[in-house]
């Protein structure tokens, strides 16, 4: 039987062990990093975010928003607190965002939620010692897809200086024929409206696109195509292949300084701080 290239469990033998590890790392991060938890960025139950801070004086710090993956249907911000380890070591405030999950809500709701979270940061992070002019974003898998909506082209600048997109989904059409169909049922309208490959992005943003060498072909293909699409729009793009990494251990590495992924994350924060 042919394995679904989008079903991560079919291709990552230690999927559950990695998830358990990131959850444990997240609990440790929450226990030892300075933080402000459960901040509302909207009125919905899921519209919450956590702030993590580097040690020392807070003032004019760079700010980094991370959006978790899970095919828009699983995981939460508390599972990904560990990403704040790397962000705070880079001297930035980490903003770990939650959003409602499909199929209880549709894609339009989720996209609007992450936009609202970014706007909360722009409007409020200065009161927590952050500089909204030094904003970067990142996301993994479905989170990378959602992160693209934080630096869309618009009459005014997006407010984002740099973005890191890891193992992302930039073309929703193939997912309609994947294992996700009976679970979240992505519609034709959602494909048309929320496929980043056909959208337009802010040319002021420096974007890093990464994919693990052991990820399945669609992830490599979509990363290459989206990088080309961004370059056509005059965005500055770097793309990296993470050697000996799959869809899950690559994202775990985001919270480990010195790994390939951890280095890309620190660089993203540094770019936003110096541009």
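Each value in this text was obtained by applying a stated rule to the coordinates, not by laboratory testing. A quick note: this is a predicted structure, and the numbers were derived from the prediction, not measured. Using ideal geometry, Cβ is built from the backbone for each residue, glycine included, and neighbour counts are taken over all protein chains shown.
Selection over segment 105-132 of residues that are under 30 Å from residue 246 (Cα atoms) and not in a helix (DSSP H, G or I) gives a count of 2.
Do we find a residue being assigned to a strand (DSSP E or B) and at negative phi anywhere in segment 185-202? So far as segment 185-202 goes, yes, one or more of its residues are assigned to a strand (DSSP E or B) and at negative phi.
From the list 169, 135, the one residue that fits, being touching a helix residue (DSSP H, G or I) at 6+ places or on another chain (Cβ under 8 Å), within 27 Å of residue 3 (Cβ to Cβ), touching a residue at least 24 places away in the same chain (Cβ under 8 Å) and outside any helix (DSSP H, G or I), is 169. Look at residue 134 and say whether it is out of contact with any strand residue (DSSP E or B) (no Cβ under 7 Å at 6 or more places or on another chain) and closer than 27 Å to residue 233 by Cα. The answer is no for residue 134. Find the strands (runs of 3 or more DSSP E) located wholly in segment 1-95 whose residues include 3 or more that are touching a residue at least 12 places away in the same chain (Cβ under 8 Å), more than 15 Å from the chain's Cα centre (by Cα) and farther than 30 Å from residue 176 by Cα, and list them. Filter on segment 1-95 gives 35-40. Among all residues of segment 190-213, there is at least one that is under 28 Å from residue 20 (Cβ atoms), surrounded by fewer than 22 Cβ atoms within 10 Å (Cβ to Cβ) and in contact (Cβ under 8 Å) with a residue 24 or more places away in the chain.
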